[in-house]
Amino acid sequence: MVEPLFRKDFAAAPTVGDSVILDGDEGKHATSVRRMRAAEVIQFSNGQGLRVRAEITSVSPKSLTAKVLEVSNEPKPALDITLIQALAKGDRDELAIQAATELGALGIIPWQAERSISRWDEAKAAKGQARWQSICDEAAKQSLRVWHPRVAEVLSSQTLAKAFAQFDKVLVLDPTAAVGIAQVSEISGRVALIVGPEGGIDDSELDMFEAAGAIRVRLGQSILRTSTAGIVAISALQYASGDFA
């Protein structure tokens, strides 16, 4: 059985032999939903690189106690990818960020694009951000990742362009681009991928993003959905960087 991973924020990293209590929502999920039992081995992480393997010693209805077997700190991936995902109708944007997290994205930025059908007004913004963070946290745990992405506040196109300075490279996925993603050189460090909404990225946004230093790239000859474009782009970058070796 694959050892399930649960989120736990430690005040200080535990050591081998320590007893760890998992309670709250995670503890209830472990005992009531996952049906964890004594003598089974599970993992804990704080979402910032810490991985703790532990053997369950006791279980109660809403919590469990486990004895630490191993403790390790995994380095942050060298290729630090942030997905800038345009808001989309239905659950297409949520499917995109879930898969991006499973692949290894370290940051998610919700983007209120000009052509986004879905709109996050002031009342919806905080709730939407919290929902996206929950989706990413669950996806990270499911894929046993110990670096969990942080979901930022929703940004407008103008505010987004001003944020490009924090990245080493910004790639805008555009099916009309003259350059393919495989042709972009020196992909390393902090890289942002911009995925537009169902109706595509407005020409005024493309011009503004290019003026701010972004590079327009295409993904082969197919026109991909907003729910799949980011996944393909992340996979391409990771393959090129040797992550799939």
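Every number in this text was worked out from the coordinates using simple rules, so none of it is lab data. Just so we're clear, the structure is a prediction, and the values are computed from it rather than from any experiment. Positions of Cβ are backbone-derived with ideal geometry, glycine not excepted, and every protein chain shown enters the neighbour counts.
Using the Karplus curve 6.51 cos²θ - 1.76 cosθ + 1.60 with θ = phi - 60°, what ³J(HN,Hα) values do you get for each residue of the range 121-130, in whole Hz, with x for Gly and Pro?
In residue order, the calculated couplings are 7, 4, 6, 8, 4, 5, 5, x, 4, 5 Hz.
Enumerate the amide H contacts of residue 40 below 5 Å, restricted to partners 5 or more residues apart or on another chain; note that Pro and chain-start residues carry no placed amide H.
56
For the range 77-93, just list the computed ³J(HN,Hα) in residue order, Karplus coefficients 6.51, -1.76 and 1.60, θ = phi - 60°, integers in Hz, with x standing in for Gly and Pro.
With the stated coefficients, the range 77-93 comes to x, 5, 8, 9, 9, 10, 8, 9, 9, 5, 4, 9, 6, x, 10, 5, 5 Hz.
Per the helix-only calculation at 222 nm, which mean residue ellipticity applies to the chain, given -39500 (n - 2.57) for every DSSP H run of n ≥ 4 and division by its residues, nearest 500 deg cm²/dmol?
-8000 deg cm²/dmol
Amide H to amide H under 5 Å from residue 180: which residues, 5+ apart in sequence or cross-chain, H placed 1.01 Å off N in plane?
218
So what's the Cα pair-distance distribution over the range 92-170, bin width 10 Å, in %?
18, 47, 32, 3
Please give me the summed charge of the neighbours of residue 115: other residues whose Cβ is under 10 Å from its Cβ, Lys and Arg +1, Asp and Glu -1.
Neighbourhood net charge equals -4.
By a straight-distance test (C-alpha under 29 Å), which lysines pair with residue 162 as possible cross-link partners, with residues fewer than eight away in the same chain excluded?
Leaving aside lysines fewer than 8 places away in the same chain, those within reach of residue 162 are 76, 89, 124, 127.
Just to confirm my numbers, what's the Cα centroid distance between the range 190-220 and the range 58-102 in Å?
26 Å
Mind grabbing the base-10 log of I(q)/I(0) for the range 5-73 at q = 0.22, 0.26 Å⁻¹? Debye formula, identical points on the C-alpha positions, no solvent, two decimal places.
Summing over Cα pairs of the range 5-73 leads to -0.86, -1.18.
Which whole-number percent gives the relative contact order of the range 5-73, counting Cα pairs below 8 Å spaced six or more residues apart?
39 percent
Students often check this: by mean Cβ neighbours within 10 Å, which of 207-219, 108-120, 10-22 ranks highest, and how do the rest follow?
108-120, 207-219, 10-22
Rounded to two decimal places and with Rh computed the Kirkwood way over Cα pairs, what is Rg over Rh for the chain?
We get a ratio of 1.03 for the chain.
Could you give each residue of the range 25-41 its phi-based ³J(HN,Hα) in whole Hz, using Karplus coefficients 6.51, -1.76, 1.60 with θ = phi - 60°, and x for Gly or Pro?
Coupling constants for the range 25-41: 4, 5, x, 5, 5, 5, 8, 8, 9, 7, 6, 5, 10, 4, 5, 7, 9 Hz.
Using a Cα-Cα cut-off of under 22 Å, which lysines could be cross-linked to residue 62, ignoring same-chain neighbours fewer than 8 residues away?
Excluding near neighbours in sequence, the set is 8, 28, 141.
Can you list the residues of the range 133-164 with backbone N under 16 Å from a point 7 Å past the Cα of residue 74, pointing along Cα to Cβ?
The answer is 137-150.
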